[in-house]
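> Would you mind keeping the following structure in view while I ask a few things?
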Ligand SMILES: *[C@@H]1O[C@H](CO)[C@@H](O)[C@H](O)[C@H]1NC(C)=O
Ligand SMILES: *[C@@H]1O[C@H](CO)[C@@H](O)[C@H](O)[C@H]1NC(C)=O
Ligand SMILES: [Zn+2]
């Protein structure tokens, strides 16, 4: 039986977990990296849904989901920001979707839900926009190792000293204070600067030979494939809990200031995870848009041949196939943005 104390504790932990997610800096940087790799079609699609043609269309909404979870209406979505892997770092790290995703949901189930919703075509413009804003955020969160770990509420209750601050917790250091120490600010301009460095690293630098592996096998073609892909992302980040976040256990993190030795040991991972999040997000949205356009083209083609097949013989020659396709295109609202205003 659920006791009041138990549900109170659960709510308390849920509220604590990932208070900042990657902080605003990390999420906006993921957004800018993604913008760089979006196809022209995906850029138009995203700008249309977000009603924002600026140069920060993904970056400026990348932390929306953190604001939403703190509202009464959005409180249900707090568990969507993480998955509580019930493993035993540093000796054993692993994610098991069936074991770790609770009935309240988790990052993996939420990514599946919002991937389907953003492409649904029957949702209102508002709900489509919400789905896209969740994806922009959650593909960032899932790369933060402590968002894929149950131990000590994802590190929220591990009190450490970082850069002279004696009551930081490990989770918020990873989310916010380590990235901000590295970049020296958290404004959109700082995120753009950081993103430019990471983009150069992906295109011609240290990540050039790795980037393809970050998205290898990623698939949106079925709910099962989406779950498999997101579980792979969570597993990838969760493994870093054992190897990079706490390779010598929790107590080893509490013996002195994490700056500079620990900081220097984790910064390359922090940077790579942000780059990964952005690169994956772009590929994910590109695939969603490519699939939608393909579907719509199929529908139009089908409608055109149906129209031709039902035409009286006499009319067929004057009404060319091209004209029929044009009529079908208009009938099926080509360029309608599919699903908006419905
Ligand atoms: C963005 O640009 C497109 C294409 O030029 C235009 O149709 C749309 O109205 C613009 N949206 C905003 C919010 O300015
Ligand atoms: C899917 O998203 C909608 C809209 O935010 C939400 O109401 C619903 O609970 C979500 N479902 C799952 C399984 O995450
Ligand atoms: Zn978050």
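The values are calculated or read from the model by the stated rules, or taken from the named source; none is laboratory data. Just so it is clear, the model here is predicted, and its values are computed rather than measured. Virtual Cβ from ideal backbone geometry, glycine too; neighbours counted across all protein chains shown.
> Checking the condition modelled with pLDDT of 95 or more, more than 16 Å from ligand 3 (Cβ to nearest atom) and not in a helix (DSSP H, G or I), which residue from 71, 102, 128 passes?
The unique qualifying residue is 102.
> Return yes or no: is residue 133 within 16 Å of ligand 1 (Cβ to nearest atom) and either in contact (Cβ under 8 Å) with a residue 12 or more places away in the chain or under 15 Å from residue 260 (Cα atoms) (or both)?
Here the answer is yes, as residue 133 does meet what is asked.
> Being closer than 13 Å to residue 24 by Cβ and within 16 Å of ligand 3 (Cβ to nearest atom) is the filter here; which residues of region 49-59 pass it?
The answer is 59, and nothing else.
> I'd like the residue in region 48-71 that is more than 17 Å from residue 186 (Cα to Cα) and surrounded by fewer than 16 Cβ atoms within 10 Å (Cβ to Cβ) and, out of all such residues, is nearest to ligand 2 (Cβ to nearest atom).
71
> Of all residues being surrounded by 18 or more Cβ atoms within 10 Å (Cβ to Cβ) and not in a helix (DSSP H, G or I) in region 106-120, which is farthest from ligand 2 (Cβ to nearest atom)? Just the residue, please.
119
> Search region 29-54 for residues that are farther than 15 Å from residue 281 by Cα and in contact (Cβ under 8 Å) with a residue 24 or more places away in the chain and pair each with any residue that is within 14 Å of ligand 1 (Cβ to nearest atom) and part of a helix (DSSP H, G or I) when their beta-carbon atoms are under 9 Å apart and the residues are at least 6 apart or on different chains.
Hits for this filter: 49/125; 49/129; 50/60; 50/61; 50/129; 51/125; 51/129.
> Failed condition for residue 123, given (1) in a helix (DSSP H, G or I); (2) more than 15 Å from the chain's Cα centre (by Cα); (3) crowded, with 16+ Cβ neighbours inside 10 Å, with all others met?
(1)
> Is it the case that residue 115 is out of contact with any helix residue (DSSP H, G or I) (no Cβ under 9 Å at 6 or more places or on another chain) and either touching a residue at least 12 places away in the same chain (Cβ under 8 Å) or farther than 18 Å from residue 281 by Cβ (or both)?
Here the answer is no, as residue 115 does not meet what is asked.
> How many of the residues making up region 284-302 are in contact with a helix residue (DSSP H, G or I) (Cβ under 7 Å, 6 or more places away or on another chain) and either modelled with pLDDT under 75 or not in a helix (DSSP H, G or I) (or both)?
2
Residue-by-condition table, conditions (1) touching a strand residue (DSSP E or B) at 6+ places or on another chain (Cβ under 6 Å); (2) assigned to a loop (DSSP other than H, G, I, E, B); (3) surrounded by fewer than 13 Cβ atoms within 10 Å (Cβ to Cβ); (4) at pLDDT 95 or above:
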site: 191; (1), (2), (3), (4): no, no, no, yes
site: 197; (1), (2), (3), (4): no, no, no, yes
site: 209; (1), (2), (3), (4): no, yes, yes, yes
site: 218; (1), (2), (3), (4): no, yes, no, yes
site: 227; (1), (2), (3), (4): no, no, no, yes
site: 253; (1), (2), (3), (4): yes, no, no, yes
